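Below: one structure, written as structure tokens.
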Amino acid sequence: MIDFYQVSKDYGSLAALKPIDLHIDSGERVALIGPSGSGKTTLINLLSGFIEPSFGNLLIDGNSVANLKKTKQISRVLGVIQQQFDLVSHLSVIHNVNAGRLGEWGFFKSLLSLINPIGKSEVVDALESVGIEPKLYQRTSTLSGGEQQRVAVARVLIQDPQIVLADEPVASLDPYRSEELIKLLVDLTIKRDKTLIASLHKLELVREYFTRVIGLREGHVTFDVPVSKLNEKMIAQLYSLDAS
Ligand code: ADP
Ligand code: MG
């Protein structure tokens, strides 16, 4: 469903992502791992259409991401969970969850929903499925980090895209909450038949919850294997400090 054909991304003279070919099928759960600066965020941002490839073609079900974006179909195809920063912290929970509908609703309906939230029962359902007692009108900034991440997951549930992208979704959570969040995300993506692509550093979570692992280093894919094939040597090479 996702096809990278010789996709690369340069920032000026820096090749953040060297030309890569990558094919990801529906229902896969792909973990992106690699040292800081290896290109994980660049890859995720290319997929979400946030940035465009310098060269190559990036297709989802045969359509270019750029075109999906132009024709506003992208929100049905792709949802993104960022680190907790992209929730609007002074708004209440219900507004943040409803932001998952921005693509579908258009500007005026979304604006209207800020005044009088629409679709309340769906928001309650989404929050219940991520395990937050419906605190609909609480300011998002007063929730704990773990709860805010759950609100971000609920927002993607409301958006209901085919592919869920998450860039270091658990970077700011403690080990217990990290596992809880990944487990939740994985349970929901399995139950709702989604494809999941996430970058993360916690290898035990990669082994437990993902089906495929891609190692990135200096903009190259150094391995791309089923998680069962991931071994210590691959990990040591991926993260090794010597730049050979
Ligand atoms: P990761 O997410 O694996 O830490 P990134 O994809 O963020 O890596 O970055 C890959 C490389 O591209 C890094 O060297 C980073 O400094 C560089 N980079 C990322 N975004 C930009 C940008 N907007 N302008 C210039 N360089 C960038
Ligand atoms: Mg990153």
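Within the same chain, aspartates and glutamates fewer than 8 places from Lys233 are excluded, and of the rest, those with a Cα less than 16 Å from its Cα are Glu204, Asp224, Asp242.
Eigenvalues of the alpha-carbon gyration tensor of the chain, scaled by 5 and square-rooted, set the equivalent ellipsoid semi-axes at 31, 21, 16 angstrom, largest first.
Enclosing the Cα atoms of the range 140-183 in their convex hull gives a volume equal to 73 cubic angstrom per residue.
Listed values for the range 157-167 are Karplus-derived 3J(HN,Hα) couplings in whole Hz (6.51 cos²θ - 1.76 cosθ + 1.60, θ = phi - 60°), namely 4, 5, 5, 6, x, 6, 10, 10, 10, 9, 9, and x replaces Gly and Pro. Model label points for Arg139 and Ala236, set 7 angstrom from Cα along the Cα-to-Cβ axis, are 5.1 nm apart. For the residues Gln162, Gln148, Gln138, a GNM of the chain with alpha-carbon springs under 10 Å puts the largest fluctuation on Gln138.
What the phi angles of the range 8-16 give under the Karplus curve with 6.51, -1.76 and 1.60, with θ = phi - 60°, is a coupling list of 9, 9, 10, 10, x, 8, 8, 8, 5 Hz, glycine and proline written as x. Gly131 sits among other residues whose Cβ lies under 15 Å from its own Cβ, and their net charge, with Lys and Arg +1 and Asp and Glu -1, is -1.
Here is the link list: Lys70/Lys229; Lys72/Lys229; Lys135/Lys183; Lys70/Lys202; Lys9/Lys194; Lys40/Lys135. Which ones come out longer than 30 Å on Cα distance? Over 30 Å apart, Cα to Cα: Lys70/Lys229; Lys72/Lys229; Lys70/Lys202; Lys40/Lys135. A full extension of the chain between Ser26 and Ala66 corresponds to an added length of 12.4 nm, given 0.36 nm per residue minus the alpha carbon distance. Taking trypsin sites (Lys or Arg not before Pro) across the range 1-80, the ones in a DSSP loop with at most 11 further Cβ atoms lying within 10 angstrom of their Cβ are Lys72. Pick out which of Val80, Val186, Val65 has the largest mean-square fluctuation in a Gaussian network model of the chain, springs linking Cα atoms closer than 10 Å. Evaluated over the chain, the most mobile residue of the options is Val186. Pairs of Cα atoms nearer than 8 Å and 6+ residues apart set the relative contact order; for the chain it is 27 percent.
Summing Lys and Arg as +1 and Asp and Glu as -1 over all other residues whose Cβ lies under 14 Å from the Cβ of Asn57 gives a net charge of -3. Cβ under 13 Å from Ala66's Cβ, Ala66 left aside: what net charge do those residues give with Lys, Arg +1 and Asp, Glu -1? Neighbour charge sum, excluding Ala66 itself: +2. Evaluated on the range 117-214, the Kirkwood hydrodynamic radius is 14.0 Å, with distances taken between all distinct Cα atoms.
The alpha carbon centroids of the range 19-40 and the range 155-197 are separated by 16 Å. A helix-only calculation puts the chain at -11500 deg cm²/dmol for mean residue ellipticity at 222 nm, using -39500 (n - 2.57) for each DSSP H run of at least four residues, averaged over all residues.
Among Ser121, Ser64, Ser13, the largest mean-square fluctuation in a Gaussian network model of the chain, built with springs joining Cα atoms closer than 10 Å, belongs to Ser13.
Any read-out appearing in this document is the output of simple, stated calculations on the displayed coordinates, not a laboratory observation. All of these numbers come straight from a predicted model, not from anything done at the bench. Cβ sites come from the backbone with ideal geometry, for glycine too, and all protein chains shown count toward neighbours.
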